[in-house]
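J.: Just passing along the structure, written as structure tokens.
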Amino acid sequence: MLGKTAGGLFWMFRYLERSENTARLIETGFRIALTRADGDDDEWTSVLQTASVAHLYFEKHGQIEAAKAIDFMLRDMANPSSVLSAISAARQNARLVRTAITREVWEAVNDTYMVLKQALARPVSARDLPEVLALIRQQSALVRGAMHGTMLRNDIFDFCRLGTFLERADNTARILDVKYYVLLPSISQIGSSLDNVQWETILRSVAGMRAYRWITQGETSPIGIADFLIFDTRMPRSLAFSVGKIATNLAYLEQAYGTRHPCHAAIDGLAGRLRHGKIERVFEDGLHEFITDFLADVAKLGQQVEADYRFLG
Amino acid sequence: MSDTPIFFDEMYQGGGAPRAPYAGYDGWFRGEDLRDLRKKSADAERFFRRTGITFNVYGQAEADERLIPFDLVPRIISGREWARLTRGIEQRVRAINAFLHDIYHRQEILRAGRVPVDLIAKNAAFLPQMIGMAPPGGVYTHIVGVDLVRTGEDEFFVLEDNARTPSGVSYMLENRETMLQMFPELFTRIKVQPVQDYPVNLHRSLAASAPRDCSPDCTVAVLTPGIHNSAYFEHAFLADQMGVELVEGHDIRITGGKVQMRTTQGYKPIDVLYRRVDDDFLDPLNFRPDSLLGVPGVMDVYRAGGITIANAPGTGIADDKAIYSYMPDIVEFYTGEKAILQNVPTWRCSEADALAYVLDHLSELVVKEVHGSGGYGMLVGPAASKKELAAFRAKLTAKPANYIAQPTLALSTVPILTQAGLAPRHVDLRPYVLVAPDKITITPGGLTRVALKKGSLVVNSSQGGGTKDTWVLEE
């Protein structure tokens, strides 16, 4: 496979994952706005921060406003994480790697692009938002289904999965990073349970509300939520789960090509730390520091994969 | 030519009865509901969009990926007609390859005075870099598209040869795929020769022309100018169908005397490069130095016998519109036989007598630029306004050698489906020919292009043309 193709697959799936994550963030913000008594738009600031695009938003709009924030996250091509930007970039990459993906996957991506481009041709009103978000979810499922149902389990598949899980690990870590102060027990909060809205934001943005309740029987504690999102290997968006998948796919590549690269050593280190880590220890050493290190490691790993498999040169 | 030309309709005879090849289709069509068919037509468009069978329009945003309109009434050719056409096409393609070999070696045809020396020596499509060079397997044009038009029952003419990088074959394949999906029952009623082997044959044909010292599992790759090229879809489609890599210039470098592509496991040699990049852009070290699309030094590897380039550089000298008028002589010179396929009578405006005739009859003729393509820079006399004629007359007088002229042909028609039902429209046909050292393969049918505008004779997609599935019947 061409190095360029591997890179195209990797980014195609990163962008697909990103479009879905962005849609989920909008859903979270929208849901909280609906169920909350006071009238400010704080949750939208938080949504923009989580996606790391708050600075772009404020440059353009000055102050926070629900409709503008939703539009910025859904349709603004100046926002590289907006649903429309991400899905356009995913499709552009899919065109580039057309020879590596099955007709079904290509058509699913192309169809997704066409459907969403039309659905997002004009600003989406609050009334239509749930339907549009459902459409985005459905389309993501379509692409994922086509991929799992039709693609060979070879190096092509591995690069797709690497893109998906690197993006996901990055995304979940960012959510934790933006919200770490919520999870840090402050003096007044020790022993008290978290503010409803705050933990809901976190769990909803990783589609983990139900799962968390099911696992913890409704008990919500900062340490419990952090443990769930960092170390729980049953949770498909946790750091441990994502890193585990990255490790597996890199191991497949090592096996298929018969070559061990620096990225293999890097992922082994990262996976080991998550396997043996304890949430109590993380809180002792500082959650923020842990997340900052993790984000840096994931970014470095991405660059190493890019170099080892010659995405660019 | 009379004021109301009678056009040959390939489907219906004068009295409205279907011609023999269309009898089966006509029977089926009469049993169909027009509304259903129009709905199918809309389905087909969705299918094409979803599949991404689009072409990019230069200089426009990606929003402007256009569809080439597809008409669902097939163009049908009998097995007998096709057999005669293939004999003519094969003869012509053999002659083109012999001509190219001769032009880049002993130039016997020039010495014999059958083609003027100036026409070659002063031609931009002639590449001095190819002189004395023997391409692997002796093949110059691995892929040829021969554009044919029809004017009567047994009257076919070659309109032009495409010996550089003929495009459109993906439409031939996808049109058939679409028809099979929309009307499976038709293909059980009517036996149509398949076209789906084209990618396999293309791969086999390219591999057969590999350099002699090529590895046992010869590596073919398709070279594209990139995602913004108007035919990118086709490049990706063909690479995908052949199961080979689609490379761009920056994926390639030359080491150890081989052209190598950057893979996830290091650099791997390429044996055959099916390039969809023009000669000028192929190698910045040997041709245009500002080209970013090509592979620096690929010509040097080629001359040393380290790679096959398909089509060979410099084949444009054979499909030049000024050379075209000499094709009957060229065929005869190299095959010793009369050309089976006729040329359209052509006036070379470089010749004083011809120019005088053309200027006198401008409103009756079609005038083309010698190096033009895609229907640009062309005058269709009978359809032109007085102002257009005057403007063209000025251009023609200024640079006569830049033009050729031909009579306005009474192109045959095949019906298309319109809101009101069937309506005749003018068509042409581009069969695709694969040339390997040991054999020539012609896919039955080819791409039928159709002028969708009533009365229009210009079928190019860039000028509002569409396409049809082309059927060659089993006998």
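J.: Please compute the modelled spin-label separation between B:Gln193 and A:Thr102, points set 7 Å along Cα→Cβ, answer in nm with one decimal.
T.: So the two model labels end up 3.4 nm from each other.
J.: Next question, about the same structure. Dividing the Cα convex hull volume of segment B:394-438 by residue count, how many Å³ per residue is that?
T.: Dividing the Cα hull volume of segment B:394-438 by its residue count gives 201 Å³.
J.: Work the Kirkwood hydrodynamic radius out for segment A:21-152: mean of 1/r over every pair of different alpha-carbon atoms, inverted, in Å.
T.: After inverting the pairwise mean of 1/r, the radius is 15.6 Å.
J.: Okay, next question. What figure, in Å² to the nearest 10, do you get for the accessible area of B:Ser215 with a 1.4 Å probe and non-protein molecules left out?
T.: Accessible area of B:Ser215: about 50 Å².
J.: Once ligands and nucleic acids are excluded and a 1.4 Å probe is used, how much of A:Asp76 is accessible, expressed in Å² to the nearest 10?
T.: 20
J.: Divide the volume of the convex hull of the Cα atoms of segment B:412-452 by its number of residues and quote the answer in cubic angstrom per residue.
T.: Value for segment B:412-452: 64 Å³ per residue.
J.: With θ set to phi - 60°, apply the Karplus curve 6.51 cos²θ - 1.76 cosθ + 1.60 along segment B:305-321 and write out the HN-Hα couplings as whole Hz, x wherever there is a Gly or Pro.
T.: Listing the rounded values in order: x, x, 7, 9, 10, 10, 5, 4, x, x, 6, x, 5, 8, 10, 4, 5 Hz.
J.: Separate question: Can you pull the Kirkwood radius for chain A, inverse mean 1/r over Cα pairs, to one decimal in Å?
T.: With all distinct Cα pairs of chain A included, I get 20.2 Å.
J.: Further, regarding this structure: Can you give the Rg to Rh ratio of segment B:85-134, both from alpha-carbon atoms, with Rh computed by the Kirkwood formula?
T.: Across segment B:85-134, the Cα-based Rg/Rh ratio is 1.02.
J.: Shifting gears a bit: Given 4 °C and 1.567 mPa s, compute D for chain B with the Stokes-Einstein relation, Rh being the Kirkwood radius over Cα pairs; round to the nearest whole µm²/s.
T.: So the translational diffusion coefficient is about 55 µm²/s.
J.: In the neighborhood of A:Leu16, defined by Cβ-to-Cβ distances under 12 Å, what is the net charge if each Lys or Arg adds +1 and each Asp or Glu adds -1?
T.: +3
J.: Then there's this: Give the lysines whose C-alpha is closer than 23 Å to that of B:Lys268, dropping any in the same chain fewer than 8 places away, or say none.
T.: Result set, ordered by chain and number: A:Lys4, B:Lys258.
J.: Any lysines with Cα under 26 Å of the A:Lys68 Cα? List them, leaving off those in the same chain fewer than 8 positions away.
T.: Cα-Cα hits under 26 Å: A:Lys60, A:Lys117, A:Lys179.
J.: What does the net charge come to around B:Met261 if you take all other residues with beta carbon closer than 12 Å to its beta carbon, with K and R at +1 and D and E at -1?
T.: +2
J.: What shape does segment B:319-475 take by its C-alpha gyration tensor, where a ≥ b ≥ c are the square roots of the eigenvalues and a/c under 1.5 counts as rounded, a/b above b/c as prolate, and the rest as oblate?
T.: It is oblate, given that a/c is not under 1.5 and a/b is not larger than b/c.
J.: OK, next. Based on the alpha-carbon gyration tensor of segment B:110-159 and its eigenvalue square roots a ≥ b ≥ c, which shape applies: rounded if a/c is under 1.5, prolate if not and a/b is larger than b/c, or oblate?
T.: Judged from the Cα gyration tensor, segment B:110-159 comes out oblate (a/c at least 1.5, b/c at or above a/b).
J.: A further question on this structure: Using only helices, what value at 222 nm comes out for the protein assembly as shown when you add -39,500 (n - 2.57) per DSSP H run of length 4 or more and divide by the total residues, to the nearest 500 deg cm²/dmol?
T.: Per the formula, -15000 deg cm²/dmol.
J.: Over all Cα pairs of the protein assembly as shown, how is the pair count split among 20 Å bins, expressed in % and running from 0 up to the last occupied bin?
T.: In whole percents, the pair-distance histogram is 14, 39, 30, 14, 3, 0.
J.: Which pairs, out of B:Lys321/B:Lys453; B:Lys399/B:Lys454; B:Lys39/B:Lys468; B:Lys368/B:Lys395, put more than 22 Å between their alpha-carbon atoms?
T.: Beyond 22 Å between Cα atoms: B:Lys321/B:Lys453; B:Lys399/B:Lys454.
J.: Rolling a 1.4 angstrom probe over the protein chains, ignoring ligands and nucleic acids, what is the accessible area of A:Leu295 in square angstrom, nearest 10?
T.: 30
J.: Another one. Output needed: percent of Cα pairs per 5 Å distance bin for segment B:178-266, bins running from 0 to the one holding the longest distance.
T.: Values per bin, smallest distances first: 2, 11, 16, 18, 17, 13, 8, 6, 4, 3, 1, 0.
J.: OK, next. Only helices at least 24 Å long along their own axis, judged from Cα atoms, and with Kyte-Doolittle mean hydropathy of -1.0 or greater: name those in chain A from DSSP H.
T.: A:3-34, A:129-150, A:155-183, A:239-257, A:287-308
J.: Could I ask something else about it? Using Cα pairs under 8 angstrom and six or more residues apart, how large is the relative contact order of segment B:118-182, in percent?
T.: Worked out over segment B:118-182, it gives 22 percent.
J.: Can you give me the relative contact order of chain B as a percent, contacts being Cα pairs under 8 Å and 6 or more apart?
T.: For chain B, the relative contact order is 23 percent.
J.: Can you sort A:Phe58, B:Phe126, A:Phe165 by solvent-accessible area, 1.4 Å probe, largest first?
T.: So the residues, ranked largest to smallest area, are A:Phe58, B:Phe126, A:Phe165.
J.: Distance in nm between label sites at B:Arg30 and A:Ala141, each 7 Å beyond Cα in the beta-carbon direction?
T.: 5.0
J.: Please find, in a Gaussian network model of chain A (springs between Cα atoms separated by less than 10 Å), the residue of A:Gly208, A:Gly302, A:Gly286 whose mean-square fluctuation is greatest.
T.: Largest GNM mean-square fluctuation: A:Gly286.
J.: Dipole of the protein assembly as shown, Cα-centred, from +1 at each Lys and Arg C-beta and -1 at each Asp and Glu C-beta, to the nearest 20 debye?
T.: Dipole about the Cα centre, nearest 20: 500 debye.
J.: With a 1.4 Å probe and all protein chains in place, put A:Phe10, B:Phe287, B:Phe7 in order of accessible area, largest first.
T.: Most to least solvent-accessible, the answer reads B:Phe7, B:Phe287, A:Phe10.
J.: Ranked by accessible surface with a 1.4 Å probe, highest first, in what order do B:Glu65, B:Glu474 come?
T.: B:Glu474, B:Glu65
J.: Then there is this: Among DSSP beta bridges whose residues both lie in the protein assembly as shown, state the antiparallel percentage, nearest 5.
T.: Antiparallel bridges make up about 75 percent of those DSSP assigns within the protein assembly as shown.
J.: Same structure again: Work through the residues other than B:Asp33 whose Cβ is under 12 Å from its Cβ and net out their charges, Lys, Arg +1 and Asp, Glu -1.
T.: +3
The values are calculated or read from the model by the stated rules, or taken from the named source; none is laboratory data. Quick caveat, the model's predicted, so the values are computed rather than measured. Every residue, glycine among them, receives a Cβ derived from its backbone with ideal geometry; neighbour counts consider all protein chains shown. The accessibility values were calculated without ligands, DNA or RNA, using every heavy atom of the protein model including side chains. Shrake-Rupley method; radii C 1.70, N 1.55, O 1.52, S 1.80 Å.
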